[in-house]
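Notes to accompany the following structure.
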Amino acid sequence: MTYRNYPTIIHALADWSERTPDAIALTDCDVEISYGRLASEVEAASRQLVALGVGRQDRVIVVGNNTWQWVVCYLATMRIGAISVPMNNRLAPAQVGELVQLLGARVALADDSHTAMFNDCRGIEVYSITGNAARSFFGIHGVRQPADMPVPAEDALISFTSGTTGIPKGAVITHNALRKAVQVYAELLGEEASQSTLIVAPLFHNTGFVDQLCTMILRGGRSDLLLRYRTQAAVDACRRRPVTFVTAVPSVLRMMMTAEGADAIYGPAQLVLFGGSPMPAPWSLEMHQRWPALRLVHGYGLTEFTSCCTLLPAEKILTHGDSIGYPAKGVDLRLVGEDGKDVPDGVAGEIWVKGETRMREYWRRPDVTAEKIEGDWLRTGDLAERRELGLLYHVGRRDDVINRGGEKILPSFIEGVMANVPDVAQAVVFAVPHPVLQNSVLAALEPRPGRTVDVAAVLDFLRTQLPGYAVPEAIIVSNDLPRTASGKLDRRAVRAAYLSQRDQ
């Protein structure tokens, strides 16, 4: 049974609830929720939101671990034409207050373990979506029917970027942009029926609520929720309910690859999608050798573009695995130099993208919106080169370029070279101030499980692969480097931790 050209994801849910009401839409540990029940739960929650006075285009914060209640609240908010705000459940209290003030949100829906995040916030009503708390959202009985279904041009989401410093930036995403973005993943999966996925990323991240959850709703497939990521829990979940679609950053995919029971995850899978950084070539080769039927695809995306911008096809992973591929369907892409003109092949330029999935604006941040949007184009801040076969290669970010004595160094290039060291799992390169050269180059790395890294040997190897000015002056080894919400090594947090320790 194929999916249709729905106006919004909410329309897709309503349709599947009529066509396949008994098909499983969602699982949460022992709880299995059919499409019929999910649609009913969303309608009931919609009435509860209306009873709280939430109206069209009001903002509703949804925060917590990966639970079925989170999914219902996320969908119910959009169902009544309000704007859903999936909030990072790891924010500090000061960041929460700043975000609430920026949003002017009426209501926050949080699980019991996250309601305390709002203790210092005023002007917002906070309701629990799990347990039996006094202010239980699901204890509200709304009788008024929700408003008409949302329309494609209305705002559906405010998705906050994963940065950890500065004033928060919320990308405003319309229902049309969300639907068009999900279509990319639905087509990537192909026409096979009975698609399913295990959501190991936090649901508040685009990977969770766009790439996986909404893709499965569009297709009438099944989303299995992992409360929070644990490698063994992922293995156990896939043993219980095999899935066809696996997606995560390379470091998480690698942890699952090296786990006992990895066959339970990758054996039944048809598609493995990764992003955030290239997959080291040895990992891709190992995956191909162990599970030859898998299609391994590299995607590059942005919160501001509702996720996917480019895709590297499976047939090019083993030969051009460090590439981000070609523009995704419906995406126009330029590489622009500092003079505002397109750069020739082989020269790094800023990635500009255009398409229906682009954000409308940053919520209440006209200054930053003006810096990011140039006509119909989104300026990504990422640098790339177009090389052989027209393939695109991500080479860093404008604000990450290290200036060492006038020499410009791209951290991502050094990180790519370090990925070839057998004992290195992941590496991150960053700059620290230098009194003469302006910046010094440092690196931090995590060893592969059960391995020990010889720092002197790594430096000797880098001297054979890099110009002298690009070789890190020191390498820090840690088994637990800080990561962003999506699981990538957090360059800024690593740098801040190093400077803090150095200056003590």
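Coordinate-derived values only; no laboratory data. Predicted, not measured: the structure shown is a model, and the values here were computed from it. Positions of Cβ are generated from backbone atoms using ideal geometry, with glycine treated the same way; all protein chains shown enter the neighbour counts.
Highest mean packing comes first when the peptides 474-483, 95-104 are listed by Cβ atoms within 10 Å, giving 95-104, 474-483. Ordering 29, 308 by the number of other Cβ atoms within 10 Å of each residue's own Cβ, fewest first, gives 29, 308. Relative to the longest principal axis of the Cα atoms of the chain, helix 231-240 runs at roughly 50 degrees.
The residues neighbouring residue 17, those whose beta-carbon lies less than 11 Å from its own, together hold a net charge of -3 under the Lys/Arg +1, Asp/Glu -1 convention. For residue 374, the residues whose amide H sits under 5 Å from its own are 379, ignoring neighbours fewer than 5 places away on the same chain, with H placed 1.01 Å from N. Toward the positive end of the charge dipole of the chain, with +1 on the Cβ of Lys and Arg and -1 on the Cβ of Asp and Glu, the farthest Cα among 31, 479, 285 is that of 31.
Think of the chain as having a plus end and a minus end, set by charges on the Cβ of Lys, Arg, Asp and Glu; of 53, 497, 391, 53 sits farthest toward the positive end of this dipole. Once you sort the root eigenvalues of the Cα gyration tensor of segment 378-500 as a ≥ b ≥ c, which label holds: rounded (a/c under 1.5), prolate (a/b larger than b/c) or oblate (the other case)? In terms of gyration-tensor shape, rounded.
Report the net charge of residues surrounding residue 152, where surrounding means a beta-carbon distance below 15 angstrom and charges are Lys +1, Arg +1, Asp -1, Glu -1.
Details: positive: 4, 56, 79, 179, 180, 358, 360; negative: 148, 154, 155, 356.
So the environment of residue 152 carries a net charge of +3.
Taking θ as phi - 60° and the Karplus parameters 6.51, -1.76 and 1.60, the scalar couplings of segment 391-405 work out to 6, 9, 10, 6, 10, x, 10, 4, 7, 9, 4, 9, 9, 10, x Hz in sequence order, x denoting glycine and proline. Each of [x] 0.97; [y] 1.22; [z] 1.09 is a candidate for Cα Rg over 2.2 N^0.38 Å; the one calculated from this structure is [x]. Given the C-alpha centroids of segment 351-376 and segment 248-289, what is the distance between them in whole angstrom? Here the answer is 33 Å between Cα centres. Report, in degrees rounded to the nearest 10, the 0 to 90 angle that the Cα long axis of helix 455-465 makes with the longest principal axis of the chain. Between the helix axis and the principal axis of the chain, the angle is about 80 degrees.
When a/c reaches 1.5 or more, the comparison of a/b and b/c decides; with that in mind, is segment 1-174 rounded, prolate or oblate per its Cα gyration tensor? The shape class here is prolate. For segment 370-393, the residues whose amide N sits under 20 Å from a probe point set 7 Å from the Cα of residue 338 along the beta carbon direction are 371-372, 379-386. Put in order of Cβ neighbour count within 10 Å, fewest first, the listed residues 397, 463 become 463, 397. Counting other Cβ atoms within 10 Å as a rough exposure proxy, the listed residues 175, 141 run 141, 175 from fewest neighbours to most.
Taking the Cα centre of segment 1-174 as origin and assigning +1 to Lys and Arg Cβ atoms and -1 to Asp and Glu Cβ atoms, the resulting dipole is close to 400 debye. Only lysines eight or more places from residue 488 in sequence, or on another chain, were considered; those with a Cα closer than 21 Å are 169. Taking amide H as placed 1.01 Å from N in the peptide plane, residue 62 has its amide H under 5 Å from the amide H of 85, 87, 109, each at least 5 places away in sequence or on another chain. Normalising the average separation of contacting C-alpha pairs (under 8 angstrom, six or more residues apart) by the number of residues puts the relative contact order of the chain at 11 percent.
Rounded to the nearest whole Hz, the Karplus-based 3J(HN,Hα) values (6.51 cos²θ - 1.76 cosθ + 1.60, θ = phi - 60°) of segment 366-377 follow the sequence x, 5, 6, 4, 5, 6, 8, 10, 10, x, 8, 8, with x at glycine and proline. Legend: calculated FRET efficiency, residue 503 to residue 459, from the Cβ-Cβ distance at R0 = 22 Å, rounded to 0.05, equals 0.35. Each Lys and Arg adds +1 at its Cβ and each Asp and Glu adds -1 at its Cβ; summed about the Cα centre, the chain shows a dipole of about 500 debye.
Helix 93-103 and the longest principal axis of the Cα set of the chain meet at an angle near 60°.
Could you give the size of the charge dipole of segment 348-465 about its Cα centre, using +1 on the Cβ of each K and R and -1 on the Cβ of each D and E, expressed in debye and rounded to the nearest 20?
160
Close amide H pairs (under 5 Å, H built 1.01 Å from N) link residue 325 with 392, residues at least 5 positions away or on another chain.
With r defined as the distance between the Cβ atoms of residue 347 and residue 474 and R0 fixed at 22 Å, what FRET efficiency is calculated, to the nearest 0.05?
With R0 = 22 Å, the Cβ-Cβ based efficiency is 0.10.
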